C-alpha cells in the first residue's frame, strides 16, 4: 500500500495504491474509515480486470476478546474476464480466507 495525492494517514477520503499478489493494481479512495467499526473503499482507476470495485469491512465486537468481520465486495469485470466471473470470485474468496488466516496466526502470537 502506498498513499497517493498527499495523503499520509488512513482516513475518510484518503487515496491509496494497492497491488494484489496477482499483480492487479488498484487506486482506491476510503469512503469511510471508522476503525475499528467499519471501513469501505471504492476503486478510482480502471484496472485491466475490474470496471467497478467497492469493498466494505464491518467489524462487530461479540465479546471482549471476539470480533466478527463481515467482508462485502461488489465488482464488475471487464471483457473477457466477465466470462470467468465464478473463477474470479473463487480467487477473491481464497485470497480473503488466506489473509484472515494469516491475521489470526499473527494475533495468536501476540496474545501468547
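If I go through segment 58-81 residue by residue, how many of them are closer than 17 Å to residue 22 by Cβ and surrounded by 11 or more Cβ atoms within 10 Å (Cβ to Cβ)?
Residues that pass the stated criteria total 5.
Yes or no: residue 60 at pLDDT 90 or above, assigned to a strand (DSSP E or B) and touching a strand residue (DSSP E or B) at 6+ places or on another chain (Cβ under 8 Å)?
The answer is no for residue 60.
Write out, first by first residue and then by second, each pair whose Cβ atoms fall under 6 Å of each other, whose residues are 6+ apart or on separate chains, and whose first residue, in segment 63-92, is more than 15 Å from residue 49 (Cα to Cα) while the second is surrounded by 10 or more Cβ atoms within 10 Å (Cβ to Cβ) and at pLDDT 90 or above.
70/58; 71/57; 72/56
Could you check how many residues of segment 35-57 are in a strand (DSSP E or B) and either exposed (fewer than 12 other Cβ atoms within 10 Å of the Cβ) or at positive phi (or both)?
Looking only at that region, the number is 0.
Please enumerate the residues belonging to segment 22-54 that are farther than 17 Å from residue 70 by Cα and more than 13 Å from the chain's Cα centre (by Cα).
22, 23, 44, 45, 46, 47, 48, 49, 50, 51, 52 - these are the residues of segment 22-54 that are farther than 17 Å from residue 70 by Cα and more than 13 Å from the chain's Cα centre (by Cα).
The values are calculated or read from the model by the stated rules, or taken from the named source; none is laboratory data. If you're wondering where the values come from, they're calculated on a predicted model, not measured in any experiment. Neighbour counts are summed over all protein chains in view; Cβ atoms, including those assigned to glycine, are modelled from backbone coordinates with ideal geometry.
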